[in-house]
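One structure below.
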Amino acid sequence: MTPSPKPTPSFPWLVIPPAAVLIVLFGVPLLLVLAVSFASRGTYGGIEWALTVTNYTSIADPLYLRIFWRSLWLAVVTTVICLAMGFPLAYVIARAPRRWQGVLLFLVIIPFWTNFLVRTYAWMFILRTEGLLNQALLALGLIHEPLSLLFTDWAVLIGLVYGYLPFMVLPLYAALERLDRSLVEAAWDLYAKPAQVFTRVVLPLSRPGVIAGCVLVFIPSLGAYVTPDLLGGARTMMVGNLIQHQYLVVRDWPFGSSLSFVLMAGVLAAVLYYLRAGGARSLT
Amino acid sequence: MTPSPKPTPSFPWLVIPPAAVLIVLFGVPLLLVLAVSFASRGTYGGIEWALTVTNYTSIADPLYLRIFWRSLWLAVVTTVICLAMGFPLAYVIARAPRRWQGVLLFLVIIPFWTNFLVRTYAWMFILRTEGLLNQALLALGLIHEPLSLLFTDWAVLIGLVYGYLPFMVLPLYAALERLDRSLVEAAWDLYAKPAQVFTRVVLPLSRPGVIAGCVLVFIPSLGAYVTPDLLGGARTMMVGNLIQHQYLVVRDWPFGSSLSFVLMAGVLAAVLYYLRAGGARSLT
Amino acid sequence: MDGNGNSVELREVTKRHGATVAVDRLSLTIRKGEFFSILGPSGSGKTTTLRLLAGFEQPDSGGIIIEGRHMEGVPPNRRPVNLVFQNYALFPHMTVAGNVAFGLEMQGLPQAEIGPRVTEALAMVRLAAKQDRLPAQLSGGEQQRVALARALVNHPAVLLLDEPLGALDKQLRLEMEVELKALQERVGITFVCVTHDQEEALTMSDRLAVLHQGRLLQVGTPEDIYTAPASAFVANFIGVSNGLSGRVEGIVGQHATVLVEGIGVIHAPAVPGVDAGAPVLVTVRPERLHLSRDQAPEGYQNHFAVRVAKVIYAGNETQYLLTLPNNQTWKARIPNADGAATRFHAGESAYLKWRTAEAVLLPE
Amino acid sequence: MDGNGNSVELREVTKRHGATVAVDRLSLTIRKGEFFSILGPSGSGKTTTLRLLAGFEQPDSGGIIIEGRHMEGVPPNRRPVNLVFQNYALFPHMTVAGNVAFGLEMQGLPQAEIGPRVTEALAMVRLAAKQDRLPAQLSGGEQQRVALARALVNHPAVLLLDEPLGALDKQLRLEMEVELKALQERVGITFVCVTHDQEEALTMSDRLAVLHQGRLLQVGTPEDIYTAPASAFVANFIGVSNGLSGRVEGIVGQHATVLVEGIGVIHAPAVPGVDAGAPVLVTVRPERLHLSRDQAPEGYQNHFAVRVAKVIYAGNETQYLLTLPNNQTWKARIPNADGAATRFHAGESAYLKWRTAEAVLLPE
């Protein structure tokens, strides 16, 4: 009956490798990128170790700020759409008979089993002017001129939602599956209509899952570069493309590094909120 | 006391959107890729809808088979290393005081908050001939000539483990956190030494987590293309690079599609084992 | 409200779960303002009956009438009943006061009315001081009282209770039995309580029903059921009973004689429907038996020699396992009021005695 | 093995959990082959004591000696004790036989010896037929018996039981009380059982200890503790007791007279250390009281008029809440053996009587 600390066999030989792993494998590369972000670009690309903060100050250029702003906006909209689509999906899966839950989760994850590049190209085939969607709409007589769908913000949004929806569904499913059904019944018994049961009990109690899902979708959306590159074209550059551009084309690694650290700082704000809400553990 | 089916308010308006989402968003692109894989390459890239299976038969070329074989081997080794490193890490996190668990999980995921490209470049800086690691080893007098580390299988392995270790840790943590501590104590009480407690009770009972973690690491490792491209160079091409090459350079989309479908078929074998073992639900 | 004084009526209600019949043509009438218990072992269908009343499940056939209204198709949120869940099902993200206010808010009452009623309900269960706590900060007993307040604040016509004391420690359970019954008398609401604990059911109820495999075995006051069980199952479930199988030798007025092999003639009160020659089970409750070293009948009509097999001291009483002449084992519970001197020891011989009126005859 | 017949000794054992003292200078001696219970409410330190014996926790100070060996620094896997967990803690991935064989395998016994011992242990708990089932396929009672077999198969010097019957239904609990005690007598192993249920502790134990806030209040046989509780806490915990506060008027030999305000002079047996003038609590158990309509003393030394406040029918007995002349409420439990005719009704006046020997005097 008495709650008490319960020391289990402690396997001390298990503690040293993870500590080493965390420091070396995760810490060193991050520190290296941080160091590079304060260096200068060499004449032919490469790095010159002249300490400078210009890589950070030059981000204030309106051109870059616009790209940051567009990235933020696209990531927020992606997150909201994923939440709106992912919640009912997760709820249905969590309330399905036990043996179906695994199958449904499997269906949600299946697109991950094919190459991301290939999947994004599939969306290009669907969305381009002579693509599947326009052909279908023309055949149905709904439109008379093909629509310009590819290389718009809409195409990028579809690609991002498609790519990151499973990251929303999995933590939401975990939260909803853990939800005690008798709480739902109690609310129903206490005169709540189904919609009220949902807003007053189901939604608040799945909050850790909502937070975890939003963070897991928001962060990769913000840094995405393959999707906006292929589906957005030149018109809708995001921060991820900018970094990729600095690294692969301009070969200005210090500026690319500072960009990615500013991005990380922005992301940390979201993560701190996420940790404060105690949502960290619920993402598993 | 009586177990009974417990119908909860069913929110019927919640069921239709997810069904539509699953079919349209997930099904259509996959079917499209499948269709393309049976088409022919047009003269200037693009697609000609002449039904053919040559995209599949030409995979039997020893050149491609070698690449498949290398990919498989690298993915297996990556998975084994991730398991060996991830299990103690997950165990320590799951046994840490509650308030530390969130922080430790956060530390494991933190590398994901920076651009993958940037992180992979960091490894290039570390591993290249004049890189951080060689400089450190030379300074310590452990070697007299710089080692060729970059553009080897070892570099690719380090990059893959670094990239996918969190996918191993999270499901393992979930499984271990759920493990009833009294089972560990019972084994200890029944004369099991700590190592026996581990092999006879902790390991078998975290099997769903092990399976989920292995699948989640194995699959993206098998299809990886950024890591082998940057860290492996031309010498260690993997299937992911081959597909990328077909899509972006050769512009032979049908062959790229057939390659990615063959990859997916191989992956399905692993997934079927995974579902049979009932591990699907445990990945969340 | 209907005029016949009935609060709840079940008419031939049947409910299947897959292949098993959870509730089998159950008909019951529960009167206004009574404390009614549904008693049965696991799987007897008692929880399903409660869920049918709450509206979480719909009967496959038959009708449920609550306060004169047919309940077919009426969802839980529109029924004049409230349920106290076995695990309490308190909303973990709301304070105690928030939990209690929930039902009133959902009914759309103005805040000005909700406040005083929540305060009153919490005062009733003596938890006014803890209204701003979260459920997780309360003890098991306190959580139970919040669950009660959360249901009673709505003034339901019927309060449903699912194993209300099952999760409490023994000491607390005994206190709450008395408190729950007192509360019911104070508020005057019909209580329908589901339990597997026969002591709880006997102590708290005005009337109770015994269920087994979805069927109603007996319904009546605690005394009816305790002193005149309708079947061997009820007799056993209401309190471990001793039984002897035999055949009715003769019936004279209210008196039956039963011939039991290996023991002889046993005297018991006659029951309607059991005639001479019928196979019967004679049951006597352990606490109705008398044990003495003296062979004299002392006014007990039944008496024979037994051997004491086991002695269990249990505080206010001593429990004896006795070996009868036909090698059956019976249990006797003798109060310790007379002190240690008169107690028997394992291996001793003794005389077992009981009066005719103490036995109950059940057809076999 | 030591020669003094002690199986377990705790010497001034103290264990802190953060700021709270879970076990406070506890000294106990448990004899070989006895059924010893540690009884106490939640937070009394009884579970911590068990965990100290099993070796999952180490005492902050004091020593634990099991079978003559000091246990300091000895891990659980090297102690001659086995624990039956409250939740059973059966390995879900092993069959019943696999669970029972586990301890023997870990001890490195040859397979040829493990097989017969597992069979024997499962036969002992009547589960031989279910040896290939998984724990999840068993009922609660069956799981409990597997947990017992899994521990007993190792022939430990001491078997530790943590609330062994806590998770069982009431009916099953009563059966298992008897069965567990019988099992212990058969195998002859020392049983140390932790429980919060005083009925369980009284029924099963040879001796028991009562713990409160980490301290030992009393240790003795069930009868010692039931009839002569050392403090008001023990008296209350062992079974709800009625108390009257007063002052000792005089002591003559074994007889004390106590003056109670509003009631008068009460007679009780004298106890050592309580002298004339001392404030005392006179306690009488509910089942030792006698209630009659007749004013005559009938040989009861204590008798006065009371009013019946509440009547609770409880099957084998009727419980009365009585209002005393000083407005205190007492509880009386009167067997129903005499039938309904002699029962009292709420509101009636009655005479409450008890013999001098039935009361216990406790210093206040």
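The values are calculated or read from the model by the stated rules, or taken from the named source; none is laboratory data. Quantities reported herein were computed from a predicted structural model and do not represent experimental measurements. Virtual Cβ from ideal backbone geometry, glycine too; neighbours counted across all protein chains shown.
Looking only at region D:49-67, decide whether some residue is basic (K, R) and without any contact (Cβ under 8 Å) to a residue 40 or more places away in the chain. Among the residues of region D:49-67, at least one is basic (K, R) and without any contact (Cβ under 8 Å) to a residue 40 or more places away in the chain, which makes the answer yes.
Against the test of being closer than 30 Å to B:G256 by Cα and part of a helix (DSSP H, G or I), the options B:L63, B:L107 yield a single qualifying residue, B:L63. Residues of region B:97-136 that are surrounded by fewer than 18 Cβ atoms within 10 Å (Cβ to Cβ) and among the polar types (S, T, N, Q): B:T129, B:Q135. I'm trying to understand the selection: among the residues of region B:197-236, which are surrounded by 21 or more Cβ atoms within 10 Å (Cβ to Cβ), aliphatic (A, V, I, L, M) and within 23 Å of B:F255 (Cβ to Cβ)? Selection gives B:I219, B:L222, B:A224. Sort through C:Q144, C:Q111 and tell me the only one that's assigned by TED's automatic domain parsing to the domain that holds C:L165 and within 31 Å of the chain's Cα centre (by Cα). Within the list C:Q144, C:Q111, the selection yields C:Q144.
Among the residues of region C:274-302, those identified as part of a loop (DSSP other than H, G, I, E, B) and either of a type in the set (A, V, I, L, M) or within 20 Å of C:G250 (Cα to Cα) (or both) are C:V274, C:D275, C:A276, C:G277, C:A278, C:L289, C:A296, C:Y300, C:Q301. Out of B:V21, B:V92, B:V33, one residue alone is at pLDDT below 90, assigned to a helix (DSSP H, G or I), in contact with a helix residue (DSSP H, G or I) (Cβ under 6 Å, 6 or more places away or on another chain) and within 30 Å of A:A187 (Cβ to Cβ). It is B:V21.
Taking the numbered list (1) within 12 Å of chain D (Cβ to nearest Cβ); (2) surrounded by fewer than 17 Cβ atoms within 10 Å (Cβ to Cβ) in turn, C:I238 passes all entries but (2). Selection of region D:86-116 for residues being surrounded by 23 or more Cβ atoms within 10 Å (Cβ to Cβ) and touching a Ser or Thr at 6+ places or on another chain (Cβ under 8 Å) yields only D:A89.
Scanning region B:158-204 for residues that are over 25 Å from the mean Cα position of the chain (by Cα) and of a type in the set (G, A, S) gives B:S182, B:A186, B:A187, B:A192, B:A195.
If the condition is being surrounded by 15 or more Cβ atoms within 10 Å (Cβ to Cβ), without any contact (Cβ under 8 Å) to a residue 40 or more places away in the chain and farther than 30 Å from D:Q137 by Cβ, then region D:70-85 contributes D:M71, D:V74, D:P75, D:R79. Tell me yes or no: at least one residue of region A:45-61 is modelled with pLDDT under 75 and surrounded by fewer than 16 Cβ atoms within 10 Å (Cβ to Cβ). Yes, some residue in region A:45-61 is modelled with pLDDT under 75 and surrounded by fewer than 16 Cβ atoms within 10 Å (Cβ to Cβ). Residues in region C:246-260 that are touching a residue at least 12 places away in the same chain (Cβ under 8 Å) and in contact with a Gly (Cβ under 7 Å, 6 or more places away or on another chain): C:R247, C:V248, C:V258, C:L259, C:V260. Of the residues making up region D:311-334, those that are of a type in the set (A, V, I, L, M, F, W, C) and touching a helix residue (DSSP H, G or I) at 6+ places or on another chain (Cβ under 9 Å) are D:I312, D:A314, D:L321, D:W330, D:A332, D:I334. With the requirement that a residue be at pLDDT 90 or above, away from every other protein chain (no Cβ under 11 Å) and not in a loop (DSSP other than H, G, I, E, B), what does region D:330-355 give you? Within region D:330-355, D:W330, D:A332, D:S349, D:A350, D:Y351, D:L352, D:K353 meet the criteria. Against the criterion of being acidic (D, E), under 25 Å from the mean Cα position of the chain (by Cα) and in the same structural domain as C:V13 (by TED's automatic domain parsing), C:E67 qualifies.
Consider region B:228-256 and keep the residues that are among the aromatic types (F, W, Y) and within 10 Å of chain A (Cβ to nearest Cβ). The one that is nearest to the chain's Cα centre (by Cα) is B:Y247. Consider C:I38 carefully, then state whether it is within 13 Å of another protein chain (Cβ to nearest Cβ), under 25 Å from the mean Cα position of the chain (by Cα) and among the hydrophobic types (A, V, I, L, M, F, W, C). When the stated conditions are applied, C:I38 passes them. Just so you know, in region C:38-55 the residues that are in contact with a Lys or Arg (Cβ under 7 Å, 6 or more places away or on another chain) and assigned to a loop (DSSP other than H, G, I, E, B) include one that is farthest from D:Q171 (Cα to Cα), and it is C:G55.
Restricting to region C:5-37, what's the tally of residues that are touching a helix residue (DSSP H, G or I) at 6+ places or on another chain (Cβ under 9 Å) and part of a strand (DSSP E or B)? Selection size over region C:5-37: 11. Determine, yes or no, whether D:Q198 is at pLDDT below 90, closer than 23 Å to C:L321 by Cα, within 13 Å of another protein chain (Cβ to nearest Cβ) and surrounded by fewer than 19 Cβ atoms within 10 Å (Cβ to Cβ). In short, no. The residues of region D:216-233 that are of a type in the set (A, V, I, L, M), at pLDDT below 90 and within 17 Å of D:R288 (Cβ to Cβ), listed by number, are D:A228, D:A232.
At least 1 residues being farther than 18 Å from C:Q171 by Cα and among the basic types (K, R) is the threshold, and among the helices (runs of 4 or more DSSP H) wholly inside region D:121-216 those reaching it are D:140-152, D:170-187.
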